[in-house]
């Protein structure tokens, strides 16, 4: 497929491989994926997305790519930068489980070896230390802040395990 896709700015000038109906079927088996065909591209999901200005493709475009069977959707920023705030899901007039679909896409991408390098490190750091990075004492001193309080990392790990936000299917 070499033509651009209608009015979608993100698609303009991009060349895609052939549509893959099997990929669309695979996506439809994801949590919430059964609702994929209900999307009529109103873009309410994209309009309310807090990361929409940080990604290379909007969430409604991700939905269209999945429906068209374009595997390149697994390589988009949106899959990994979604903040899981569920705003898209709450705004969707069709009740599509968009955030759950993105979790599924993340698992698919991970299984295919499509994972941003920083994601694995950040995920491990959060689980191991409870922080994405370790603040230094001099930074806190410069800002006249109290020392970082101690906390029980095991409680944090239990919470993260319960939320399952730190687990991809491959980890289980």
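Readers should treat all values here as calculations from the given coordinates under stated rules, not as data from a laboratory. A quick note: this is a predicted structure, and the numbers were derived from the prediction, not measured. Every residue, glycine among them, receives a Cβ derived from its backbone with ideal geometry; neighbour counts consider all protein chains shown.
Per-residue Cβ neighbour counts within 10 Å put 133, 119 in the sequence 133, 119, beginning with the fewest.
In percent, what relative contact order does the stretch 117-166 have, based on Cα pairs under 8 Å that are 6 or more apart in sequence?
Values: 24 pairs, mean separation 18.1, N = 50.
Taking the mean separation of contacting Cα pairs over the length of the stretch 117-166, I get 36 percent.
Which of rounded, prolate, oblate describes the stretch 52-171, given a ≥ b ≥ c as roots of the alpha-carbon gyration tensor eigenvalues and a/c under 1.5 marking rounded, otherwise prolate only if a/b is larger than b/c? It comes out prolate by the Cα gyration axes.
Legend: calculated FRET efficiency, residue 56 to residue 34, from the Cβ-Cβ distance at R0 = 25 Å, rounded to 0.05, equals 0.40. Taking label points 7 Å from Cα along the Cα-to-Cβ direction, residue 117 and residue 77 give a separation of 1.8 nm. Compactness of the stretch 117-166 is given as radius of gyration and Dmax, 13.0, 36 Å, from Cα positions. Modelled this way, with points 7 Å down the Cα-to-C-beta line, the labels at residue 150 and residue 18 are 6.3 nm from one another. Note on residue 41 and residue 157: with the Förster distance fixed at 45 Å, the Cβ-Cβ geometry gives a FRET efficiency of about 0.65.
Note on 53, 100, 141, 20: ascending count of other Cβ atoms within 10 Å places them as 53, 141, 20, 100, the fewest first. Computed from the Cβ-Cβ distance with R0 of 30 Å, the FRET efficiency linking residue 125 to residue 91 stands at 0.40.
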